[in-house]
Structure formats: structure tokens, C-alpha cells
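Quick notes on the structure that follows.
The values are calculated or read from the model by the stated rules, or taken from the named source; none is laboratory data. All of these numbers come straight from a predicted model, not from anything done at the bench. Note that we place each Cβ from the backbone using ideal geometry, even for glycine, and neighbour counts take in every protein chain shown. We work out accessible area using only protein heavy atoms, side chains counted, and drop any ligands, DNA or RNA first. Shrake-Rupley method; radii C 1.70, N 1.55, O 1.52, S 1.80 Å.
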Amino acid sequence: MDRPEKMPQTAPQPPELRNEKPLPSSLKTLLVFTTLMILLPVGLYFSSKSYLFEGALGMSTQDSYFYAAIVAVVAVHVILALFIYFAWNEGSRQWREGKQD
């Protein structure tokens, strides 16, 4: 009885990890902008209220609350715009690198 020769079976190889760098880069960007989103508006609110509006400009407490809130909201919008800009450029760079592979 002839047995067919068995070919040696090899274990499936894991796929190559081409995107090892973008994940830490993306997490770093996210961490930086999260920290900015928490600290910058709060810091700007209290510092502009105390030093700029009440101290330098001599505004009342009620007026300084209002204008300091505007400063904080503008800071939030600037941070969001910068995050979108950085995320867009990072995504298009990864897409271009993926096309060249």
C-alpha cells in the first residue's frame, strides 16, 4: 500500500506589523491634546480672571467671570482646531506611507 508523501506543514506566520510607529505616535498626540484640553482652558480662565480682567483692567467680579469664560472657550476652540489639523496631517502621512509599501 502506497502512502502519499506528506509535505511538512509549517505553522502560519503572523502578518508583518507595518504600522508599529503610528500607534505610539497617535497615542502621544492624543495624550498631549487631552492634557492641553484639560489644563489650558482652566488655567487661562483663572489667570485671565484674576490678573488680566480684575487686576490690570479693573473690572468687577461679575464682568471678569464673563470675559474669562470667553477666553477659556476660545482656548478650547483653538485646541480642537490644532488637534484636527495634526490628526489630519498624521492620517494623510500614514496613508501616503501605506501607498508606497
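Could you list, ordered by first residue, the pairs with Cβ atoms under 8 Å in which the first is in the range 39-57 and closer than 18 Å to Val76 by Cβ and the second is in a helix (DSSP H, G or I) and among the basic types (Lys, Arg), at least 6 apart or interchain?
none
Could you list, in sequence order, all residues of the range 35-76 that are open to solvent by less than 70 Å² (accessible area, probe 1.4 Å) and not in a helix (DSSP H, G or I)?
Gly58, Met59, Ser60
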